[in-house]
Amino acid sequence: MDIVTRSDGRRGVEVHGFDPVAATVDDLARLRQHLYHDKIVVLRAQTLAPEQFIALGREFGTPAAYYEPMYHHPEHELIFVSSNRQSEIGQVGVPKTGAFWHSDYQFMPDPFAVTLFYPQRLPSESRGTYFIDMAVAYERLSPRLRDAIEGTYCRHSARRYVKIRPSDVYRPLEDVIAEVERKTPAQRQPTVLTHPVTGERILYVAEAFTYEIEDASGNPLPKSLIDELLSESGQLDPTFEHPNIFLQGYEPGDLVMWDNRTLIHRALHNPTGEPAESFRVTVHDEHPLSAEVYA
Ligand code: 7UC
Ligand code: FE
């Protein structure tokens, strides 16, 4: 197994010759280390069966099935399927997921530590994932804005991006919305996390889910503060040229893993509707989202 630090402005490390059957305890410990410290680990030339993909996820934490079953792989509920493919059994997974700045499960009480993403079928072009490192974004905030958010909290909700399910057809919209609020009540988290492994401070704000900011005593602060954070961190740039944004492209066989506390991401889908499918496994590690006290 060869771990190469990427150059020419690309983030993370690239791993050549990773074989899950031959990997040693030490190899896996090194990958975990890189995941937290370099944020992105790309395993090249993988040919994993679904069971092997899930087993790989277990090396980084405890996999959890997505709360909405319509995303599940028909035989493996721990695999989340993003696909525009109609198979003999109908639609599998959900098309065009995640095309907005977010962190996976940011709207849940216990967001995922690590996401493993494994494209199964790639369109000929324009398929990738945009990323922003929110520890870097925090460091680059203007001092005024950094001061303004010290000790504050944000609220996150999935409501804007919950997808209508086939079983919702003919239901009153109001009932569907009430169900979303009941199943995924908004969550409050510190605006700035402290990474439990690296100790880095992370701006925990994403365009898709963050809708409110309040001071330490729970008094609401102006919404314009969220807009400023989104803007300075690069999330409102329609050209994706903001210096905080980087694009991870995919070659067939790539399996990409990332630190879901530090990085936010946004899917880039090919607009032509060419067949595309990807599998994802998400895991919880043994740490809280944010270290309460970092010594
Ligand atoms: O359909 C989607 O884009 C799924 C999204 C709302 N949630 C992904 C996640 O894990 O938070
Ligand atoms: Fe996502």
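Taken together, the values in this text are just the output of simple stated rules run on the coordinates, not laboratory data. These figures come from a predicted structure and were not determined experimentally. Every residue, glycine among them, receives a Cβ derived from its backbone with ideal geometry; neighbour counts consider all protein chains shown.
Averaging sequence separations of C-alpha pairs under 8 Å and six or more residues apart, then dividing by the length of segment 19-153, give the relative contact order as a whole percent.
12 percent
Go ahead and collect, in residue order, the members of segment 75-91 whose backbone nitrogen is under 18 Å from a label point 7 Å along the Cα-Cβ direction of ALA23.
Answer for this model: 78-80.
If each of HIS287 and THR239 carries a label point 7 Å out from its Cα toward its Cβ, how far apart are those two points in nm?
Taking the two extended label points, one gets 3.6 nm.
How big is the dipole moment of segment 220-295 about its Cα centre under a simple scheme where the beta carbon of each Lys and Arg is +1, that of each Asp and Glu is -1, and everything else is neutral? Debye, nearest 20, please.
180 debye
Between TYR211 and SER142, what length in nm is gained on full extension when 0.36 nm per residue of separation is reduced by their alpha carbon distance?
22.7 nm
Hey, with R₀ at 30 Å, roughly what FRET efficiency would SER87 and ARG188 work out to, going by the Cβ-Cβ distance, to 0.05?
Step by step, r from the Cβ atoms, then E = 0.15.
Which distance in Å, rounded to a whole number, links the C-alpha centroids of segment 29-90 and segment 153-178?
Taking the Cα centre of each part, segment 29-90 and segment 153-178 sit 25 Å apart.
Please list, by residue number, every one of the GluC sites (Glu not before Pro) in segment 51-82 that is coil in DSSP and has at most 13 other beta-carbon atoms within 10 Å.
Here the GluC sites (Glu not before Pro) that fit, given the DSSP loop and packing criteria, are GLU75.
Which of the peptides 281-291, 34-44, 174-184 is most tightly packed, and how do the rest follow, going by the mean number of other Cβ atoms within 10 Å of each residue?
34-44, 281-291, 174-184
Once you charge only the Cβ atoms, +1 for Lys and Arg and -1 for Asp and Glu, what is the size of the charge dipole of the chain about its Cα centre, to the nearest 20 debye?
Here the size comes out at about 360 debye.
What whole-number value in cubic angstrom gives the convex hull volume per residue for the C-alpha atoms of segment 2-284?
It is 143 Å³ per residue.
In percent, how large is the relative contact order of segment 2-284, given Cα pairs closer than 8 Å and 6 or more residues apart?
Value for segment 2-284: 33 percent.
For a quick check: sort MET108, MET134 by the number of other beta carbons within 10 angstrom, fewest at the front.
Sorted ascending by nearby Cβ count, the order is MET108, MET134.
In straight Cα distance, which lysines are under 16 Å from LYS183, not counting same-chain residues fewer than 8 positions off?
Result set, ordered by chain and number: LYS163.
Which of SER82, PRO220, PRO95 sits closest to the plus end of the dipole of segment 2-284, meaning its Cα is farthest towards the positive end, when Lys and Arg get +1 and Asp and Glu get -1 on the C-beta?
Working it through, the farthest residue towards the positive pole turns out to be PRO220.
Could you identify which residue out of LEU203, LEU31, LEU48 has the top mean-square fluctuation in a GNM of the chain using Cα springs shorter than 10 Å?
Of LEU203, LEU31, LEU48, the most mobile in the Gaussian network model is LEU48.
Hey, quick one: spin label on GLU51, modelled 7 Å out along Cα-Cβ, who in segment 1-31 has an amide N within reach, i.e. under 17 Å?
The answer is 20-22.
With the crude spin-label approximation of a point 7 Å out along Cα→Cβ, what separation in nm comes out for ARG121 versus ASP2?
Placing both labels 7 Å beyond Cα along the Cβ direction yields 3.3 nm.
Sorted by average packing, counted as other Cβ atoms within 10 angstrom per residue and highest first, what order do 148-157, 233-242 take?
So the order, starting with the most tightly packed, is 148-157, 233-242.
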